[in-house]
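None of the figures in this text is laboratory data; all of them are computed from the coordinates on show. All values derive from a computational prediction rather than experimental measurement. So basically every Cβ, Gly included, is an ideal-geometry build from the backbone, and we count neighbours across all protein chains shown.
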Amino acid sequence: MINLTKGRTEFQSIGNTYPIAGNIRREDLFIANTPCSWFWPDGADTDNIAIYIHGGAFIFGSVASHAPMVSYIARELNRRVLVIDYRLAPEHPFPAGLTDCIEVIKVVCSQNPDVGFGIIGDSAGGNLSLAVNLVLQQTNCPTPRYTIVISPWADLECKNESYIRNKLTDTILEKAYLMEAARLYTSEPDLSIPLLSPVNADFNGLSPVLILVGTYEILEDDALNLHRRLTAHGVQAELQSFEQQLHVWPFMNIDTDASRDALKAMAKFALKHS
């Protein structure tokens, strides 16, 4: 059984195994009554920003846990990155966190109507990034120029073959843990609905998407199936698989070749579609 207090403390400590990148500024604020934080390097692009939606199985994670990784992303992209400290389950189940992200983005867009934005998310944050896209599109709100998802948990039914294929290589995630987290996130009986499992969504009209995934992850097929679904709906989707990498590898260690390559891939994609 998941211990939320212990799990949240441990999750934050994992994200802080390395320091924030040098020459990065930070501003903490509230947007739409939700705590958020801006990260940016000196001389950042003023015409483009990125919204970051953190992972943590919908029950863990915060600005504090993701500040180091996001600081490196901000530096590599050379733009302002806003991290949303959305409400977590089970205290605030679906759709609370999704609603927070949508409302923050609406306010940011209303205050910066001439600035282009992209959305970046990891793991459960990748799920939310896609769900946010769907809601923004359905409600005729401003939509991102691109979306980047790192190790997305795109299918909450946890039924893909990679749960078996990569069971021994994935030393971070387990199926039982994810299934419990999904049920802490929502009491909705049908986990296949698109706002819970975006892999099942109609993505027609979505802006370009970059998917990064490690080949050692039990969520590998979430990424592969998501890429197939996106391309089937005419979305410009790119999939980059990183050999022998675990779940959200830059979160664990930003100094590896694979992490540096992931940062470069994100920056290249963001620049291409900004």
Q: Given the conditions (1) touching a Lys or Arg at 6+ places or on another chain (Cβ under 9 Å); (2) over 20 Å from Glu217 (Cα atoms), report the number of the one that Pro250 does not fulfil.
A: (2)
Q: Among the numbered conditions (1) surrounded by 15 or more Cβ atoms within 10 Å (Cβ to Cβ); (2) touching a helix residue (DSSP H, G or I) at 6+ places or on another chain (Cβ under 7 Å), tell me where Asn253 comes up short.
A: (1)
Q. Residue check, Ile84 against (1) out of contact with any strand residue (DSSP E or B) (no Cβ under 6 Å at 6 or more places or on another chain); (2) closer than 26 Å to Ala154 by Cα, all met but one. Which one?
A. (1)
(Q) Show me the helices (runs of 4 or more DSSP H) found entirely inside region 206-274 where at least 3 residues are under 23 Å from Leu136 (Cα atoms). (A) 220-232, 257-272
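For region 184-204, does any single residue satisfy the condition of being under 20 Å from Trp249 (Cβ atoms) and either in a loop (DSSP other than H, G, I, E, B) or among the polar types (S, T, N, Q) (or both)? First the steps, then the outcome.
At the first step, the residues of region 184-204 found to be under 20 Å from Trp249 (Cβ atoms) are none.
The answer is no; no qualifying residue exists.
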Q) Looking at region 89-113, which of its residues are in contact (Cβ under 8 Å) with a residue 60 or more places away in the chain and either in contact with a His (Cβ under 6 Å, 6 or more places away or on another chain) or assigned to a loop (DSSP other than H, G, I, E, B) (or both)? A) Ala89, Pro90, Pro93, Phe94, Pro95, Asn112
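So is Asp155 in contact with a Ser or Thr (Cβ under 8 Å, 6 or more places away or on another chain) and part of a helix (DSSP H, G or I) or not? Spell out how you get there, then give the answer.
Values: in contact with a Ser or Thr (Cβ under 8 Å, 6 or more places away or on another chain): yes; part of a helix (DSSP H, G or I): no.
In short, no.
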Q: Return the residue satisfying two criteria in turn: it lies in region 168-179 and is more than 20 Å from the chain's Cα centre (by Cα) and more than 21 Å from Phe251 (Cβ to Cβ), and of such residues it is surrounded by the most Cβ atoms within 10 Å (Cβ to Cβ).
A: Ala176
(Q) Under 9 Å between Cβ atoms, which residue pairs at least 6 apart in sequence (or on different chains) link something in region 252-274 that is free of Cβ contacts under 8 Å to residues at least 24 places away in the same chain with a partner that is surrounded by 14 or more Cβ atoms within 10 Å (Cβ to Cβ) and among the β-branched types (Val, Ile, Thr)? (A) Arg260/Ile254
Q. Restricting attention to region 183-238, and to residues there that are touching a helix residue (DSSP H, G or I) at 6+ places or on another chain (Cβ under 7 Å) and of a type in the set (Gly, Ala, Ser), which single residue is farthest from Ala265 (Cα to Cα)?
A. Ser192
Q: Return yes when Glu238 is of a type in the set (D, E, K, R), over 18 Å from Leu128 (Cα atoms) and over 17 Å from the mean Cα position of the chain (by Cα) and no when it is not.
A: no
Q | Residue pairs meeting the criteria (Cβ under 6 Å; at least 6 apart or on separate chains; first under 13 Å from Asn200 (Cα atoms), in region 210-234; second part of a helix (DSSP H, G or I)) | A | Asn225/Val199; Leu226/Val199; Arg229/Val199
